[in-house]
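Student: Following this message is one structure expressed as structure tokens.
The values are calculated or read from the model by the stated rules, or taken from the named source; none is laboratory data. Everything numeric in this text was worked out from a predicted model, so none of it was measured. Note that each Cβ is placed from the backbone with ideal geometry, even for glycine, and that neighbours are counted across all protein chains shown. All accessible areas refer to the heavy atoms of the entire protein, side chains included, with ligands and DNA or RNA removed. Shrake-Rupley method; radii C 1.70, N 1.55, O 1.52, S 1.80 Å.
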Amino acid sequence: MTLTFSFFSTYSYALPFKEVVAALDNYNHDIQIASNKVELTQNQLRTERNLSDPSVEFEVMSPKSNTEVEMVVSQEFDFPTKYVRMKKASKTAYRRDSIEYELTRKEVISKAYAICTEIIYLNQITVIDSARYDIAKSNFERLKKGLDEGKYNILEVNDSHMEMITAYSNLNDSKRQLSEFQLELKAMFNNETNIEINDLTYPKDLMPCDGYISTYNELMQVLEELYSQNLKVAKAEMHPTLSAGYKMTKSDVTSHGFVVGSSIPLFSAKGKKEQTTGEYTAEWLETVKRMNDLKAELSAEHHKAADYEKLLSLYDQKVFKQTPELLKKSLESGRITEIEYNQQLDIWYENNKVYLEQIKEYNKCLLKMAVYCD
């Protein structure tokens, strides 16, 4: 495991939400499974290089005149060059599995980041929902009191009452959605830790980048190298298998000596090269598909981010933030009625939610690209 993670450290880079990334590395099952696969594959490759079991033969012949005893202890092993080639292939397979681990890790972190952006967005929405409810509740209580004093009519009171109920419902919906995303994020940590995202702003200094598929490019190179080495191993299967051992015979006298032998692979090596080529072709095509899918996905994210950046630049935030106060002043001066005030406030509220959602989607694009940016 120490060797494994020393290799993984070559892929280390600064990512936002450091606590989230650390928790994923420690507790996420997908990442743990990918890590265990690295060790499992290495153990399988090591066992393939083990020598076959030694054999022992003991023979007793009892003719009429004399008993003959023969014992042979021998060990069979592959041609030496095969072990050298298998060791090189094993090291390359380790590199392949380590890159696959890193790709799995990127996928998991990317999914977690998407959840984090939803949580931040809902944190923001909960704040404005809470403020909207407070305003609606205060207006209703004011108008209800004014109704008894003859200042307002029943239509205005009923309208403010419905505004309060709607605001309260929206607030509860936002809290429920926020709770669901928090539980979803916690599930990614196998419910082993209680990390909460309480941020109201997104990570700073996120920028679009084009270094998307270098990890896949490296994986393709490793696969080609591994194929070449496995092909050499397959060719080595055609070399004879050797055996050496000790032999003892006993009749009138006892004799000792060494025995050597070989087995010519006329049948067992048949089709090995074709099998190796087929396995490589299938893995290579699958990897190319995954790389192209990711390339298309990240290219789409890049274009979306550019579109959102242009769209968000059209908003005048100074005027936008002043709108609630301006509406209040218009109401107090008598320029708009209570019903008009509620309608305009609702329009501002909905526009604000749309604006915050666009910011969320923009940052979701940036975070997705940040995971794969080199």
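Student: Considering only residues of the stretch 105-156 that are closer than 30 Å to K37 by Cβ and open to solvent by 40 Å² or more (accessible area, probe 1.4 Å), which is nearest to the chain's Cα centre (by Cα)?
Tutor: E107
Student: When you look at E192, is it acidic (D, E), loosely packed, with under 14 Cβ neighbours inside 10 Å and modelled with pLDDT under 90, yes or no? If you could, list the steps in order and put the result at the bottom.
Tutor: Values: acidic (D, E): yes; loosely packed, with under 14 Cβ neighbours inside 10 Å: yes; modelled with pLDDT under 90: yes.
In short, yes.
Student: Given (1) over 30 Å from K204 (Cβ atoms); (2) among the aliphatic types (A, V, I, L, M); (3) surrounded by 20 or more Cβ atoms within 10 Å (Cβ to Cβ), identify the lone condition not met by V84.
Tutor: The one condition V84 does not meet is (3).
Student: For K145, state whether it is in a helix (DSSP H, G or I), at pLDDT 90 or above and farther than 30 Å from G278 by Cα. Lay out the reasoning, then the answer.
Tutor: Details: in a helix (DSSP H, G or I): yes; at pLDDT 90 or above: no; farther than 30 Å from G278 by Cα: yes.
When the stated conditions are applied, K145 does not pass them.
Student: OK, next. K175 - would you say it is basic (K, R), in contact with a helix residue (DSSP H, G or I) (Cβ under 7 Å, 6 or more places away or on another chain), more than 30 Å from E279 (Cβ to Cβ) and touching a residue at least 40 places away in the same chain (Cβ under 8 Å)? Walk me through how you get there before you give the answer.
Tutor: Working: basic (K, R): yes; in contact with a helix residue (DSSP H, G or I) (Cβ under 7 Å, 6 or more places away or on another chain): yes; more than 30 Å from E279 (Cβ to Cβ): yes; touching a residue at least 40 places away in the same chain (Cβ under 8 Å): yes.
So K175 fits the description; yes.
Residue-by-condition table, conditions (1) in a strand (DSSP E or B); (2) open to solvent by 70 Å² or more (accessible area, probe 1.4 Å):
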position	(1), (2)
P203	no, no
M207	no, yes
Y216	no, no
L223	no, no
H256	yes, yes
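Student: Looking only at the stretch 279-298, how many residues end up being surrounded by 13 or more Cβ atoms within 10 Å (Cβ to Cβ) and of a type in the set (S, T, N, Q)?
Tutor: 1
Student: With the condition kept exactly as written, say whether any residue in the stretch 286-307 is within 25 Å of S174 (Cβ to Cβ) and under 23 Å from the mean Cα position of the chain (by Cα).
Tutor: Looking only at the stretch 286-307, we keep the residues that are within 25 Å of S174 (Cβ to Cβ), and these are 304.
The next check asks that each one be under 23 Å from the mean Cα position of the chain (by Cα); those that pass are 304.
Within the stretch 286-307 (the criterion being within 25 Å of S174 (Cβ to Cβ) and under 23 Å from the mean Cα position of the chain (by Cα)), the answer is yes, since at least one residue qualifies.
Student: Continuing with the same structure: Tell me yes or no: at least one residue of the stretch 320-341 is open to solvent by 70 Å² or more (accessible area, probe 1.4 Å), among the polar types (S, T, N, Q) and closer than 26 Å to C116 by Cβ.
Tutor: no
Student: Does R95 satisfy the criteria of being farther than 30 Å from K247 by Cα, of a type outside the set (V, I, T), open to solvent by 50 Å² or more (accessible area, probe 1.4 Å) and modelled with pLDDT of 80 or more? Walk me through it before giving the result.
Tutor: Numbers: farther than 30 Å from K247 by Cα: yes; of a type outside the set (V, I, T): yes; open to solvent by 50 Å² or more (accessible area, probe 1.4 Å): yes; modelled with pLDDT of 80 or more: yes.
Against the criterion (farther than 30 Å from K247 by Cα, of a type outside the set (V, I, T), open to solvent by 50 Å² or more (accessible area, probe 1.4 Å) and modelled with pLDDT of 80 or more), R95 qualifies.
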